[in-house]
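Here the structure comes first, spelled out in structure tokens, and everything after it is commentary.
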Amino acid sequence: MRLIAIFCLALVAALPARAEKGVTAFTLENGLEVVVLEDHRAPVVVHMVWYRTGSADEKPGVSGVAHYLEHLLFRGTDDLEDGEFSRVVAANGGTDNAFTSFDFTGYFQRVAADRLGLMMEMEADRMRDLQLSEEDVLIERQVILEERNTRVENDPGALFSEQLRAALFLNHPYGRPIIGWKHEAEALTLEDALDHYRTFYAPNNAIVIVAGDVTPEEVRKLAETHYGPLDPTPDLPERARPQEPPQLAERRLTYSDPRVAQPYVVRSYLAPERDPGAQEKAAALKMLAELLGGSGATSVLGRKLQFESQVAIHAGAAYDATSYDDSSFTVFVVPAQGVPLEDAEAAMDRALAEFIEEGVDPEQFERIKMQLRAARIYAEDSAQSRARRYGGALTSGLTLADIEAWPDILQAVTEDEVIAAAQEVLVKRNAVTGWLTGVEEETAEVQQ
């Protein structure tokens with residue numbers, strides 16, 4: 001196995017660093033940005049519209065309105081009846097959907113390449129001409145409330161995560177759930193949705209990404225035809241959110257629920273994100289997350305807690321590098337049967353301290369770099385994942401140059417930079433430690 005790993009490492013290392021080929025960008029007179037990702041291997045195209053607005057851009061008191069509006073955009077326009085958009089996509093052999101995050105809202109269709117013009121025509125229509133009734137609002141509000149019931153209220157892990165995130169972000173709107181707090185989502189109105197729509201849904205606040213069997217010339221012509229006539233919004237608000245104050249004290253929370261079958265420990269640290277022109281620290285944190293928890297068998301936490309001490313059945317780490325404002329770095333431990341959460345947390349802390357003291361294993365470091373290079377090459381096979389990578393980065397404030405540079409910056413990270421990032425970020429005063437337990441466990445802890 002060692003010989004195979006060495007051979008694979010040599011093979012991937014020998015591959016040239018790949019620049020982003022077939023990437024073209026231009027901006028229409030009304031401010032709409034368009035990015036074309038050519039891929040002529042199949043006669044299909046992915047058409048995406050990304051708006052620079054997400055749940056973190058909502059006004060106070062209307063949490064969930066960005067996600068709510070995403071649902072409402074599948075209602076009618078001045079040219080399309082209620083639900084007609086998706087019916088037309090399906091009738092043309094395609095699929096469509098949408099998504100909302102903290103920093104963006106996106107809509108996409110995957111269709112035959114010769115249907116691109118029709119997709120642009122419909123998206124341009126609902127960018128500016130959404131038509132909503134009070135009945136639409138009531139129906140979709142009930143839909144999102146049912147979605148919240150299914151995904152959050154009926155899942156103690158999701159409720160726990162909401163509480164943890166709200167404690168991590170003391171001031172920033174990243175502490176609000178994307179789907180909205182239930183009491184605020186229940187009160188969302190037609191005017192709330194239209195206010196968000198009129199403020200943020202505009203060509204000069206959007207990025208269109210087209211990936212697949214197209215040429216830049218074809219896309220420009222279609223974009224000018226369908227999106228070009230749309231008026232920009234002259235008074236777009238500056239994208240400035242409340243920022244975090246200095247965090248001076250560790251926060252802890254315990255969430256207990258009788259539905260919890262498997263307790264676990266999570267700690268989330270406030271962490272910097274990828275910044276335009278300065279992605280090196282984020283790259284070091286990305287490598288740190290891979291080293292600590294990328295694989296249960298070979299990662300630091302997996303090896304020390306699952307195999308050596310056997311205090312855990314699962315342990316890991318995660319870091320969200322692509323974010324408009326400060327992000328989070330998370331470590332977690334799922335204890336083995338009979339291991340108290342207190343012991344699991346203590347073992348996690350020892351493993352982190354030992355990693356910082358001992359430094360990075362050079363072999364593991366090179367193996368992770370090889371895996372990242374290989375994953376990047378494989379990702380080129382999916383036009384949709386490639387489009388999502390570009391859209392998520394661009395709506396988070398990064399540039400095309402940043403996106404192209406990111407793989408090389410990852411490969412250039414040094415072992416010392418990883419340890420320096422760990423020492424800077426893995427500080428408890430910048431963190432929230434949470435225990436998810438069942439009622440019986442909580443009672444036992446109190447009795448002790």
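This table checks each residue for (1) within 25 Å of Gly277 (Cα to Cα); (2) among the aromatic types (Phe, Trp, Tyr).
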{"residue": "Glu342", "(1), (2)": "no, no"}
{"residue": "Ala353", "(1), (2)": "no, no"}
{"residue": "Gly359", "(1), (2)": "no, no"}
{"residue": "Ile368", "(1), (2)": "yes, no"}
{"residue": "Leu372", "(1), (2)": "yes, no"}
{"residue": "Ser396", "(1), (2)": "yes, no"}
{"residue": "Ile403", "(1), (2)": "yes, no"}
{"residue": "Trp406", "(1), (2)": "yes, yes"}
{"residue": "Val413", "(1), (2)": "yes, no"}
**Study point:** Pairs where the first residue, in the stretch 96-115, is free of Cβ contacts under 8 Å to residues at least 12 places away in the same chain and the second is assigned to a strand (DSSP E or B) and open to solvent by less than 40 Å² (accessible area, probe 1.4 Å), C-beta under 7 Å, 6+ apart
**Key:** Asn97/Phe108
Point to revise | Within the stretch 21-40, considering residues that are open to solvent by 50 Å² or more (accessible area, probe 1.4 Å) and within 29 Å of the chain's Cα centre (by Cα), the one modelled with the lowest pLDDT | key: Lys21
Check your understanding: Among the residues of the stretch 293-308, is any in contact with a Gly (Cβ under 9 Å, 6 or more places away or on another chain) and under 22 Å from Tyr174 (Cα atoms)?
Key -> no
Practice item. Please state which of the following conditions Arg18 fails to meet, knowing it meets all the rest: (1) at pLDDT below 95; (2) among the charged types (D, E, K, R); (3) farther than 15 Å from Glu380 by Cα. Key: (3)
Review point. Inside the stretch 297-313, can you point out the residues that are open to solvent by 10 Å² or more (accessible area, probe 1.4 Å) and in contact (Cβ under 8 Å) with a residue 40 or more places away in the chain?
Key: Thr298, Lys304
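Would you call Val334 farther than 29 Å from Pro276 by Cβ and within 24 Å of the chain's Cα centre (by Cα)?
In short, yes.
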Exercise for review: Show the residue pairs that are 6+ apart or on different chains and have beta-carbon atoms under 9 Å apart, the first residue being within the stretch 391-413 and within 19 Å of Arg367 (Cβ to Cβ), the second being among the acidic types (Asp, Glu) and open to solvent by 60 Å² or more (accessible area, probe 1.4 Å).
Suggested key: Ile409/Glu280; Ala412/Glu280; Val413/Glu280
Study note, to complete from the structure: Among Gly76, Gly61, Gly93, the single one that is of a type in the set (Gly, Ala, Ser) and within 20 Å of Leu145 (Cβ to Cβ) is Gly61
Practice item. Go through the stretch 273-288 and count every residue that is small (Gly, Ala, Ser), open to solvent by 10 Å² or more (accessible area, probe 1.4 Å) and part of a helix (DSSP H, G or I). Key: 0
Exercise for review: Restricting attention to the stretch 94-103, report how many residues are out of contact with any Lys or Arg (no Cβ under 8 Å at 6 or more places or on another chain) and part of a loop (DSSP other than H, G, I, E, B).
Suggested key: 2
Exercise for review: Filter the stretch 227-272 down to residues that are of a type outside the set (Gly, Ala, Ser) and under 28 Å from Val334 (Cα atoms), then give me how many there are.
Suggested key: 21
Study note, to complete from the structure: So, first residue in a strand (DSSP E or B) in the stretch 244-263, second residue surrounded by 15 or more Cβ atoms within 10 Å (Cβ to Cβ) and among the hydroxyl-bearing types (Ser, Thr, Tyr), Cβ within less than 7 Å, six or more apart or across chains; the pairs are Arg252/Thr433; Thr254/Thr437; Ser256/Thr437
**Study point:** Complete set of residues in the stretch 426-440 that are more than 10 Å from Gln247 (Cα to Cα) and small (Gly, Ala, Ser)
**Key:** Gly434, Gly438
Review point. Quick one: how many residues across the stretch 377-420 are touching an Asp or Glu at 6+ places or on another chain (Cβ under 9 Å) and among the aliphatic types (A, V, I, L, M)?
Key: 9
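Yes/no per residue for (1) open to solvent by less than 30 Å² (accessible area, probe 1.4 Å); (2) under 17 Å from Thr399 (Cα atoms); (3) in a helix (DSSP H, G or I):
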residue: Ala42; (1), (2), (3): no, no, no
residue: His47; (1), (2), (3): yes, no, no
residue: Trp50; (1), (2), (3): yes, yes, no
residue: Lys59; (1), (2), (3): no, no, no
Practice item. From (1) closer than 28 Å to Asp326 by Cα; (2) part of a loop (DSSP other than H, G, I, E, B); (3) open to solvent by 40 Å² or more (accessible area, probe 1.4 Å), pick out the condition that doesn't hold for Arg241. Key: (3)
Check your understanding: Any residue at all in the stretch 344-351 that is touching a residue at least 12 places away in the same chain (Cβ under 8 Å) and in contact with an Asp or Glu (Cβ under 7 Å, 6 or more places away or on another chain)?
Key -> no
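The values are calculated or read from the model by the stated rules, or taken from the named source; none is laboratory data. Since the structure is predicted, the reported quantities are computational estimates derived from the model, not experimental observations. So basically every Cβ, Gly included, is an ideal-geometry build from the backbone, and we count neighbours across all protein chains shown. Just so you know, the surface numbers come from the protein's heavy atoms only, side chains and all, with ligands and any DNA or RNA stripped out. Shrake-Rupley method; radii C 1.70, N 1.55, O 1.52, S 1.80 Å.
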